[in-house]
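Colleague: Dumping the structure here so I can ask a few things about it.
The values are calculated or read from the model by the stated rules, or taken from the named source; none is laboratory data. Every value quoted in this text rests on a predicted model; they were computed, and no experiment measured them. We place every Cβ from the backbone using ideal geometry, glycine too, and count neighbours over all the protein chains shown.
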Amino acid sequence: MSAEVRPIKTAAEQALAEAFAARKGALARDPLAAQREAAFRRFAAEGLPHRRVEDWKYTDLRALMREAKPLAGPPDTAGIARAKNAGGLLRVVDARRIVLVDGVFVPELSDLAALEPGLTVGSMAEALAGADAEVVGRVGTVAPTDDVAAALNTAFMGDGVVLNVADGVTLARPIHLVFAYTATVAAAVFARSLVVIGKRARATLIESHEGPDDLDYQVNNALELSVGDDAKVDHVKIGTEGSRALHISTLMAALGARAELNDLSFTTGGSVVRNQLHLRYAGEGAAATIAGASLIKGRQHVDTTMVVDHAVRGGSSRELFKSVLDGESHAVFQGKIIVRPGAQQTDARMMTRALLLSEAAEADNKPELEIFADDVQCGHGATAGALDQDLLFYLKARGIPAHEAEALLIQAFVGEALETIERDDLRAALADAAAAWLITRG
Amino acid sequence: MPMLEIKDLSVEVDGRKILDGLNLAVNAGEVHAIMGPNGSGKSTLAYVLAGKADYAVTDGQVLFDGEDMLAMEPDERAAKGLFLAFQYPLEIPGVATMTFLRTALNAQRRKRGEAELSTPEFMKKVREAAGKLDIDQEMLRRGVNVGFSGGEKKRNEILQMALLEPRLAVLDETDSGLDIDALRVVADGVNRLRSPQRSMVVITHYQRLLNYIVPDVVHVLSKGRIVKTGGKELALELEARGYAQFQEEAA
């Protein structure tokens, strides 16, 4: 290692260095060995991001991640059995379930029967072991980011899903990637998936993440999503991790010409959650709607950090994020919109709203616009406030008890974000999940 | 026993006395009009009856069927049969009118120990009531009062009243902002709800509304107290001569 490398300081950083060193032998023939090595060097140079790192200003990972858990081993039979009913939040949605247990693709729990022509589903670990040139050539290239958490994922990624939808294919059923943590000890999971949607193809991709409440397990998940020219993708990520879990996920997406992406993340679970999005406009005239709804309480911390990179002309992006905060919870939104010099006629709007149900809750909001083109429309707005007392009175005056009146208003608040979901069943499932959260709120 | 009995009610808002020893008794089946100039305390009276926060009752009592109404939460008052038609109905984006109506009706029924209405029963009831008020189905699917005109909002208030079937309705300036056609629709809606078991307190600045909703008793409110009580002809007298004479009497 070179001299400018910053000395490893914290126990977690030390443990990660040891884990990487220990894995080196096993990765000797890994086709991504050099990429992993480079990614780890970046981490080693910077360490875990902390509050003086601008992109992690409100989520001091160095302080929040006291230790690095050992890498999760492959799930055993009992662990796989425990994942059988995972993803149950979406049981009303007729989706093709692809199940990953502790980050490992489990074909026997997955619905791989009668795949539509043009759809292929496989394991990332197998693709790498077989040196699948297509996969090896794509990983890390869809929407590159120099984020350190993403680098850690590259360094440590084990398994994940490789999914392809061929040009012109419309998938009738959504794909549901079910990520379940079922190990009985706290460990770390680094899954990496690659989804390639061909030109003019259409697909709905759902991810759900869950695990037990009694373990402080760690998830660092990454998904690369390539959307071809004129393709349309709906992507919904549901975060219902266990209450002590640390969950970091990075979505790296690229949009081809005239492609459409409709993305929503819904978060109620996890102790510390960081949802990262790096969206690159690769072809002209693409459009994205990026929405988020979080309902959190206690001491939960949920950070949404996104970079929307309008690199070419004529792209549009709409962001709408809603957070409901109770207890001493903390929501963070950092949204950066970049409009590069050639990206004329970009139309970008970003809105974040936080509803504070308690005095001790906190919402931080940091929008950034970096505009290098002159013929563009960009805007952002943010609000934070409590429930409207006059509206509550109106509802109560109609006989609706206070708690129910609050619930109606909170559901309406979140509903605006959920309305961006096109499928009725999926939208209803998340509305139900929001209603269930309101009941547990107490 | 009167259905509603207000005794020596004094109320302050932000330390300022708005109601000052107000007395009023309304029997079952009666319609009382309360008329008064701006600032006489009309809307304060409406809000205090419905239980809005920020109104400090410094003296007096409000009895509903002999029970201390001021000790009840707004939703309890509603479940007991009180209804306030708001002067400025609020917009609730994201809450469909249908959901709102159903939630309110079933909450009241639960509180009274009655069974909730089934979806078909509820739909039938809403359709009937909405039809009579010229409220179309599309409006019912929209967020509560969102994008409604002033007249539509007032009709929506009367629709709620028709569905909730209160025993005591307080109408706060229901005529404000209505043209004559809208006023007629709203007044007809109110008149259909008149019954020997139901009382109404109609608060208004102008006599015009009382041509359509003809009261049994008219009160003049000035400086926070009732200064004159009479029959429906008192409203006409006010229309002709204005409030000035009563403001002097109260002073």
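Colleague: Could you look through segment B:82-108, keep only residues that are under 17 Å from A:VAL414 (Cβ atoms) and either of a type in the set (Asp, Glu) or in contact with a helix residue (DSSP H, G or I) (Cβ under 7 Å, 6 or more places away or on another chain) (or both), and pick out the one that is farthest from the other protein chains (Cβ to nearest Cβ)?
Modeller: It comes out as B:ALA96.
Colleague: Please verify whether segment A:179-199 includes one or more residues that are farther than 30 Å from A:GLU37 by Cα and either of a type in the set (Phe, Trp, Tyr) or touching an Asp or Glu at 6+ places or on another chain (Cβ under 7 Å) (or both).
Modeller: Yes, segment A:179-199 has at least one match.
Colleague: Tally time: how many residues in segment B:209-233 are crowded, with 19+ Cβ neighbours inside 10 Å and assigned to a loop (DSSP other than H, G, I, E, B)?
Modeller: Adding up the residues that qualify gives 4.
Colleague: Scanning for something within 17 Å of B:ILE213 (Cβ to Cβ) and either more than 12 Å from chain A (Cβ to nearest Cβ) or of a type in the set (S, T, N, Q) (or both), does segment B:119-132 turn up at least one residue?
Modeller: Scanning segment B:119-132, I find at least one residue that is within 17 Å of B:ILE213 (Cβ to Cβ) and either more than 12 Å from chain A (Cβ to nearest Cβ) or of a type in the set (S, T, N, Q) (or both), so the answer is yes.
Colleague: Moving on to the next point. Quick check, is B:LEU70 within 21 Å of A:GLN389 (Cα to Cα) and away from chain A (no Cβ under 14 Å)?
Modeller: Taking the combined requirement at face value, the residue satisfies it.
Colleague: How many residues does segment A:314-344 hold that are of a type in the set (Ser, Thr, Tyr), in contact with a Leu (Cβ under 8 Å, 6 or more places away or on another chain) and farther than 20 Å from A:ALA412 by Cα?
Modeller: Here the count works out to 1.
Colleague: Shifting gears a bit: For the condition surrounded by fewer than 17 Cβ atoms within 10 Å (Cβ to Cβ), touching a helix residue (DSSP H, G or I) at 6+ places or on another chain (Cβ under 8 Å), on the phi < 0 side of the Ramachandran plot and at pLDDT 95 or above, what is the one hit in A:VAL92, A:VAL136?
Modeller: Step by step, each of A:VAL92, A:VAL136 is checked, and only A:VAL136 is surrounded by fewer than 17 Cβ atoms within 10 Å (Cβ to Cβ), touching a helix residue (DSSP H, G or I) at 6+ places or on another chain (Cβ under 8 Å), on the phi < 0 side of the Ramachandran plot and at pLDDT 95 or above.
Colleague: Hey, another quick one. Looking at (1) part of a loop (DSSP other than H, G, I, E, B); (2) crowded, with 20+ Cβ neighbours inside 10 Å; (3) under 19 Å from the mean Cα position of the chain (by Cα), can you tell me which one A:ALA151 breaks?
Modeller: Here A:ALA151 clears every test but (1).
Colleague: Only one of these is without any contact (Cβ under 8 Å) to a residue 40 or more places away in the chain and either β-branched (Val, Ile, Thr) or assigned to a helix (DSSP H, G or I) (or both): A:ALA12, A:ALA113, A:ALA45, A:ALA34. Name it.
Modeller: Only one candidate qualifies: A:ALA34.
Colleague: Only one of (1) within 14 Å of the chain's Cα centre (by Cα); (2) under 25 Å from B:ASN191 (Cα atoms) is not met by B:GLY51, so which one is it?
Modeller: Unmet for B:GLY51, out of (1) within 14 Å of the chain's Cα centre (by Cα); (2) under 25 Å from B:ASN191 (Cα atoms): (2).
Colleague: Could I ask something else about it? Can you tell me which residue within segment A:15-31, out of those that are not small (Gly, Ala, Ser) and not in a helix (DSSP H, G or I), is modelled with the lowest pLDDT?
Modeller: Top of the filtered list is A:LEU27.
Colleague: Moving on. When segment A:65-89 is examined, which residues are found to be modelled with pLDDT under 95, surrounded by fewer than 17 Cβ atoms within 10 Å (Cβ to Cβ) and not in a loop (DSSP other than H, G, I, E, B)?
Modeller: Within segment A:65-89, A:GLY88 is the sole residue that qualifies.
Colleague: Continuing with the same structure: If you take the residues of segment A:202-212 that are under 14 Å from A:SER265 (Cβ atoms) and touching a residue at least 60 places away in the same chain (Cβ under 8 Å), which of them is surrounded by the most Cβ atoms within 10 Å (Cβ to Cβ)?
Modeller: The selected residue is A:HIS209.
Colleague: Is it fair to say B:LEU221 is over 15 Å from the mean Cα position of the chain (by Cα), in contact (Cβ under 8 Å) with a residue 24 or more places away in the chain and more than 26 Å from B:MET3 (Cα to Cα)?
Modeller: So B:LEU221 fails the test.
Colleague: State yes or no: is B:LYS111 away from chain A (no Cβ under 13 Å), surrounded by fewer than 17 Cβ atoms within 10 Å (Cβ to Cβ) and farther than 18 Å from B:ALA182 by Cα?
Modeller: Considered against the rule, which asks whether it is away from chain A (no Cβ under 13 Å), surrounded by fewer than 17 Cβ atoms within 10 Å (Cβ to Cβ) and farther than 18 Å from B:ALA182 by Cα, B:LYS111 comes out as no.
Colleague: Using the structure shown, decide if A:ASP146 is modelled with pLDDT of 95 or more, under 25 Å from A:PHE40 (Cα atoms), assigned to a loop (DSSP other than H, G, I, E, B) and not aliphatic (A, V, I, L, M).
Modeller: Taking the combined requirement at face value, the residue does not satisfy it.
Colleague: Give A:ALA405, A:ALA360 a once-over and let me know the one that is over 31 Å from the mean Cα position of the chain (by Cα) and among the small types (Gly, Ala, Ser).
Modeller: So the residue among A:ALA405, A:ALA360 that is over 31 Å from the mean Cα position of the chain (by Cα) and among the small types (Gly, Ala, Ser) is A:ALA405.
Colleague: Restricting attention to segment A:270-293, which residues are within 24 Å of A:GLU359 (Cα to Cα) and touching a helix residue (DSSP H, G or I) at 6+ places or on another chain (Cβ under 9 Å)?
Modeller: Listed by number, the residues that qualify are A:SER271, A:VAL272, A:ARG274, A:GLY292, A:ALA293.
Colleague: Of all residues in segment B:35-63, which are buried (at least 21 other Cβ atoms within 10 Å of the Cβ) and either within 8 Å of chain A (Cβ to nearest Cβ) or farther than 20 Å from B:GLY224 by Cβ (or both)?
Modeller: Those that are buried (at least 21 other Cβ atoms within 10 Å of the Cβ) and either within 8 Å of chain A (Cβ to nearest Cβ) or farther than 20 Å from B:GLY224 by Cβ (or both): B:ALA50, B:GLY51.
Colleague: So which helices (runs of 4 or more DSSP H) are wholly in segment B:121-208 and hold at least 3 residues that are buried (at least 20 other Cβ atoms within 10 Å of the Cβ)?
Modeller: B:150-164, B:180-192
Colleague: Among the numbered criteria (1) over 19 Å from A:GLN218 (Cβ atoms); (2) without any contact (Cβ under 8 Å) to a residue 60 or more places away in the chain; (3) within 23 Å of the chain's Cα centre (by Cα), which single criterion is violated by A:ARG62?
Modeller: For A:ARG62, the exception is condition (1).
Colleague: Follow-up. May I ask you to say which residue of A:LEU119, A:LEU152, A:LEU215 is over 16 Å from A:ARG97 (Cβ atoms), free of Cβ contacts under 8 Å to residues at least 60 places away in the same chain and aliphatic (A, V, I, L, M)?
Modeller: Being over 16 Å from A:ARG97 (Cβ atoms), free of Cβ contacts under 8 Å to residues at least 60 places away in the same chain and aliphatic (A, V, I, L, M) holds for just one of A:LEU119, A:LEU152, A:LEU215, which is A:LEU215.
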